[in-house]
Structures are given as structure tokens and as C-alpha cells.
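Peer 1: Here it is: the structure, laid out below.
What follows is calculated from the coordinates using simple rules that are stated; it is not laboratory data. Computed from a prediction, not measured in an experiment: that's the story for all the values here. Counting neighbours? That spans all protein chains shown, and the Cβs are built from the backbone with ideal geometry, glycine included.
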């Protein structure tokens, strides 16, 4: 990691007011991201992955509250007013949303929706913006892009709408791209093409990407580093190749054991993690994974483990497990 990261997140917390009290979705997450780097955030449903992105974009639900700091281009995203962050969104900060079915305006033609951002944020004429929108639709493999740009969202399949959302996010060539399960609705061929396009953007323009996904295959293909989230906390962070080769945290090992593998094709059962995923970790004194961990110690239930540096396992490796504590 460079001394001057593009994005520096410190002690990010996200809480929601609920009828039964406060719910903690993200609990003290700290991350750094360099220009051109791709960071994957993985974990089970409810672990807080998407809420990190919504907090950075200033798009939390009305009952949500955010704490901590997120420095991006020397500005704290979490301290911005709605008007301030609106100027950042669409210029240097973009997001690909998870649900393409509800993210497009059903009353406006697709090409006009894509062109609007270029006209507002980059000052392009309507003609130039529409031409750029058609070019990007073609790059995300929308067939007959010029004709499709004149159509409404209901005339697109779910997978094609997702490609439109990806095109919209990539159009402005943002400094930071937040991607929430961007390839979930795509078949494997289009998925590979879109991932290659995102990698090309990062390589050519220096765009940094935070990719939230449950698909470890996507992580292996695209990401430089990986943060493993559970109960709103980072359990492990490592370069992608080192994490897949030698996972340090018991939760990470459980996730990797649940991946289908070609060499295990004759084995009918995938690995599983016992127990039920925890949503949020704010009410846990110790490790949020303690109830499901097969190697837990007594201290795990009472003391929160810090993210220990694992220098012996490679540069940039951290694990929030008491078993990872370095010897004195």
C-alpha cells in the first residue's frame, strides 16, 4: 500500500434505528485503497458488505447513522453535506448497484439516462453524450447498441439492465468505482467480459475499485486484495493470491472449503460452516464468529481480537483471530 492512498477508511461504523433498538451493520472497519487497485470484500449475506458502499456514497437509509472517517482525495466523504457529495458522485465516485430492476428510471430512454451524467458532470453536448453512451453500451456487449439506446428499461432483460448499470458507472471514468455484486445477473460469458472491462478501466485510468461479492471466483479473477467480513467486522485481509493459497482465519478457511472445485468433482457434498450467520457485531464482546468456530478458545467469547499483522505469512496480511496473535 502506498503512503498516500486514494481512499483511507478509519473506524467506519453503520448503525440503524430499529423498533427493538439499535442494529450495528458495520463495526469499526478500516481500509486503505491505492489508485488502480481492486479490493474485494467478501462474506455471507448480512455481514455488512453493501452497507460499507452505501455509507461511502452517502446513500444510507433514513434510519441509518454513520461514524468514522473516509478520506477520498483529501475530503471526508462521511462528513459531506448532501449537496457536496452529490458533486462528487458521478464525477470521481461511481457505484454499480446490485438490483438492476429498480435502478433505472422506467420513464426515460436508456441512452438519455446514460447521457445525462456526461452532460451534467462533464459539460458534453447532448449529441456527444449520446454518442459516448452508445459506445459504452457496445463495450459492455449490448447488441445493436445504437438502437437499444432509444429503448426503455422494460424492453431489456435483467442481465442487459445490469450491463446498462455497469456502462453508466464506467462512463465518467471515476477515480473510485464501488461495485455491489455487479455480475450476479449475468451469464458466465458476459460476466467474464465485464470483469475484463473493469480490469481494463483500473489499468488504463488508475481507477480504484471496491468489489462486493459472494463469488470467490470473481475475486480470484479481478481483485488484488481481499477483505473478509463477518458480523460487520474484518476477519482477514490479504493479497488475493496469498489468501487463496493459505487462509489464516477459521472463517476464511470455511468460505474457501465451501467453493466447488474441479478436483473434488467426485465428492457429492461441499464444505459447510455450521450455525447461522450473524448480522452485525456491535452486541458481541468477543469475536462475532465464536459460536460457529471449530477452533475457538475461551478468550474468544469475552475479548475482541484485533487485526494482527501476519508478517511471517506475507506482506499486507492481517487476521482478527486470537490464534494469530504473534508470540511475545
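Peer 1: What Kirkwood hydrodynamic radius, in Å, does the chain give when the mean of 1/r is taken over all pairs of distinct Cα atoms and then inverted?
Peer 2: On the way: mean 1/r = 0.0479 Å⁻¹.
Over the chain, the inverse of the mean reciprocal pair distance is 20.9 Å.
Peer 1: Beyond 28 Å, how much of the Cα-Cα pair distribution for the stretch 97-231 remains, as a whole percent?
Peer 2: Taking all Cα-Cα pairs of the stretch 97-231, the fraction more than 28 Å apart is 15 percent.
Peer 1: Here's something else I'd like to know. Given 0.36 nm per residue, what is the gain on full extension from residue 22 to residue 220 after removing their alpha carbon distance, in nm?
Peer 2: Numbers: separation 198, 0.36 × 198 = 71.28 nm, distance 3.56 nm.
The residue 22-residue 220 span can extend by a further 67.7 nm.
Peer 1: Next question. Return a whole-number percent for the relative contact order of the chain, with Cα pairs under 8 Å and 6 or more residues apart as the contact set. Mind showing how you got there, number by number?
Peer 2: Numbers: 640 pairs, mean separation 67.5, N = 328.
The value is 21 percent.
Peer 1: Decide, for the stretch 54-129, between rounded, prolate and oblate: order the square roots of the alpha carbon gyration tensor eigenvalues as a ≥ b ≥ c, take rounded if a/c falls under 1.5, and otherwise choose prolate if a/b is larger than b/c, else oblate. Don't skip to the end; give the middle numbers.
Peer 2: Working: a/c = 2.88, a/b = 1.50, b/c = 1.92.
In terms of gyration-tensor shape, oblate.
Peer 1: Now, a different point. Would you work out the relative contact order for the stretch 17-90, in percent, from Cα pairs under 8 angstrom that are 6 or more residues apart?
Peer 2: Values: 43 pairs, mean separation 18.0, N = 74.
Relative contact order, the stretch 17-90: 24 percent.
Peer 1: Right, here's the next one. Need one number: nm distance between label points at residue 87 and residue 297, each 7 Å from Cα along Cα→Cβ, rounded to one decimal.
Peer 2: Calculated label separation equals 5.1 nm.
Peer 1: Can I ask one more? Cα centroids of the stretch 300-314 and the stretch 179-246: how far apart, whole angstrom?
Peer 2: Answer, in whole Å: 24.
Peer 1: Given a cut-off of under 8 Å on Cα pairs at least six residues apart, what relative contact order in percent is computed for the stretch 220-259? Walk me through the intermediate numbers first.
Peer 2: Numbers: 36 pairs, mean separation 12.5, N = 40.
Taking the mean separation of contacting Cα pairs over the length of the stretch 220-259, I get 31 percent.
Peer 1: Here's another thing I want to ask about it. Quick one: grab Rg to one decimal and Dmax as a whole number for the stretch 1-79, Cα atoms only, in Å.
Peer 2: Gyration radius and largest Cα-Cα distance of the stretch 1-79: 13.1, 43 Å.
Peer 1: Separate question: Under the rule a/c < 1.5 gives rounded, and otherwise a/b versus b/c splits prolate from oblate, where does the stretch 147-201 land using the Cα gyration tensor? List each step's numbers first, then the result.
Peer 2: Values: a/c = 1.95, a/b = 1.32, b/c = 1.49.
Oblate, since a/c reaches 1.5 and b/c is not below a/b.
Peer 1: Looking only at 173, 126, 49, which one moves most when the chain is put into a Gaussian network model with springs between Cα atoms under 10 Å?
Peer 2: Between 173, 126, 49, it is 126 that shows the largest mean-square fluctuation.
Peer 1: Only bridges with both residues in the chain count here: give the DSSP antiparallel percent, nearest 5. The partial results should precede the final answer.
Peer 2: Details: 30 of 48 bridges.
Here the share of antiparallel DSSP bridges comes out near 60 percent.
Peer 1: Among 168, 18, 136, whose mean-square fluctuation peaks in a Gaussian network model of the chain (Cα, cutoff 10 Å)?
Peer 2: Ranking 168, 18, 136 by mean-square fluctuation puts 18 first.
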